[in-house]
Amino acid sequence: MQTPLMCGVFGIWNHPEAAKLTYLGLHALQHRGQEGAGIVSGELQADHFSRHHARGLVADVFTEEALQELTGPRAIGHVRYSTAGGSAPANVQPFKVDTLRGPLSIAHNGNLVNFLDIRRDLEREGAIFSTRSDTEVLVHLLARARAPRMEDRVREACTQVVGAYTLLIMHRDGLMGVRDPHGYRPLVLGKVGGAWVLASETCALDLIGGELVREVEPGEMVSIGLDGQLRSERLYHAPDATPQACVFELVYFARPNSRIFNEDAYEARRKMGMQLAREATPEADLVMPVPDSGVPAALGFAEQAGLPFRHGLIRSHYVGRTFIEPTQSIRNFGVKLKLSAVRSVVEDKRVVVIDDSVVRGTTSRKIVEIIRTAGAKEVHVRISAPPTRYPCFYGINTPSREELIASRMSVEQTAEYLHADSLAYLSEAGLHEAVHDQLGPTRRFCNACFTGRYRAGLEIIEGRLPVVGNLPPETETAA
Ligand code: SF4
């Protein structure tokens, strides 16, 4: 079983249509998780929060009636991704509990590397867990914290966990947004009318007609209280916590119309394509993207290489994204359902096809096959990121190292496996340059899935591979 990986959060404070706007915000964040969605809402200083959550897409989970039940001027919401076996309804967030100090709700994007150790300690002390999610550990830590101020209780809980977490916390007297000291996952602060909004990406603000105020900084805790004022505090002093924003958010995950980590996702992708063209333009007749996520990089590549840009692959929008579908069988089936080549574009042409990643290689191999079957003379694959050689422990569901083709094969071997005439990846330095960063000790982006250089939880990862949300069989976790 696995915890939610790659999720989206949205929260709003003091708006007469809080739940409806949260619903819309979750719609805009749907690309961050398609397996479950939930909203918790409440009156100010309420003794009880309302919750509606279920497996499925946002549009299917919430009916008009369900939204009407979610009363109150404040709400937090969550869209969730999970892998096979981890999609039990109980795991769908936001979580909601009643504590001695009133109701508490929490929505989490990220992954707590050391959650299993904490969970075992809590179980030994008599704690009972109702889900298999790492986020529930945070709920327990928060409920047990003694400090009188909520901010200090959050601080107390967060100093015990290691890993990636962007949190929205709704409590009796306020709404909080927290980013871990490394800031792996994004969180932006905005306003709609007079109401404060917190969201994973700016695309959620755009949809509801809100405006961006600023990003919540790594290691920052913002807190909105009953007076409607926003206060900011350092989560805790972490001297070794250099920012480690997930560069993969800009490569692939964020919506291209979003601005996160103070970067425009579309522009970053276009620059990745331009840099890739500087590094590895083959002799070719045209450039085409793997739609949709490869489009900005392909535009940049074509512009830099001086080659025509064409839509040689057409995507069906009625099939989910293959990278985040749960099982191999669906993934394989999905490629053919999803992509078709345009024969008139590719026939007798030497094509450069741009994608943002090669994970297991099975999808890329099928794409090359589809293009060749439509009559392409040569297929040159260009990837607008370095090879993905290592798994992610910070909230993105990459497969194990053995399954990652780039960890098993050289670039030449991979090209052969894909049946591509050539294959090239963007260099690490080129990727960092595209996001206004530099390689080296001061880099502000995490690139561990390309380099294996993990930051948060490094000692744990070196000691033994973290479970990344996997709980061992029940017998091993019994207190
Ligand atoms: S390991 Fe890769 S996917 Fe995970 S946080 Fe770092 S850059 Fe992002």
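Before moving on, here are some points about what is shown:
- Any chance VAL188 is closer than 30 Å to PRO291 by Cα and within 16 Å of the ligand (Cβ to nearest atom): no
- Within segment 35-60, the residues that satisfy the criterion of being surrounded by 20 or more Cβ atoms within 10 Å (Cβ to Cβ) and closer than 19 Å to GLU201 by Cβ are GLU35, GLY36, ALA37, GLY38, ILE39, VAL58.
- For segment 73-86, the criterion of being surrounded by fewer than 19 Cβ atoms within 10 Å (Cβ to Cβ), under 19 Å from ALA46 (Cα atoms), in contact with a Phe, Trp or Tyr (Cβ under 8 Å, 6 or more places away or on another chain) and in the same structural domain as ALA37 (by TED's automatic domain parsing) is met by at least one residue.
- Unique residue being aromatic (Phe, Trp, Tyr), under 25 Å from TYR425 (Cβ atoms) and within 16 Å of the ligand (Cβ to nearest atom) when the list is TYR252, TYR266: TYR252
- In segment 146-174, the residues that are of a type in the set (Ser, Thr, Tyr) and within 16 Å of the ligand (Cβ to nearest atom): TYR165, THR166
- Any helices (runs of 4 or more DSSP H) falling wholly within segment 259-360 and containing at least 3 residues that are modelled with pLDDT of 95 or more: 265-280, 295-305, 343-346
- Just one residue in the set GLY163, GLY193 is out of contact with any helix residue (DSSP H, G or I) (no Cβ under 8 Å at 6 or more places or on another chain) and either assigned by TED's automatic domain parsing to the domain that holds SER105 or at pLDDT 95 or above (or both); that residue is GLY193.
- Any hit, segment 359-378, residues being under 21 Å from ARG278 (Cβ atoms) and within 16 Å of the ligand (Cβ to nearest atom): no
- The set of residues in segment 391-433 being within 14 Å of the ligand (Cβ to nearest atom), without any contact (Cβ under 8 Å) to a residue 40 or more places away in the chain and not small (Gly, Ala, Ser) consists of ARG401 alone.
- Being surrounded by fewer than 17 Cβ atoms within 10 Å (Cβ to Cβ) and either β-branched (Val, Ile, Thr) or out of contact with any Cys (no Cβ under 6 Å at 6 or more places or on another chain) (or both) is a description that applies to SER410.
Residues are listed down the side, and each one gets a yes or a no for (1) modelled with pLDDT of 95 or more; (2) surrounded by fewer than 19 Cβ atoms within 10 Å (Cβ to Cβ):
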site: PHE393; (1), (2): no, no
site: THR398; (1), (2): no, no
site: GLU416; (1), (2): yes, yes
site: ALA420; (1), (2): yes, no
site: TYR425; (1), (2): yes, no
site: LEU431; (1), (2): yes, no
site: GLN438; (1), (2): no, yes
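- Filter result for ALA199 (crowded, with 23+ Cβ neighbours inside 10 Å and within 16 Å of the ligand (Cβ to nearest atom)): no
The values are calculated or read from the model by the stated rules, or taken from the named source; none is laboratory data. Quantities reported herein were computed from a predicted structural model and do not represent experimental measurements. Using ideal geometry, Cβ is built from the backbone for each residue, glycine included, and neighbour counts are taken over all protein chains shown.
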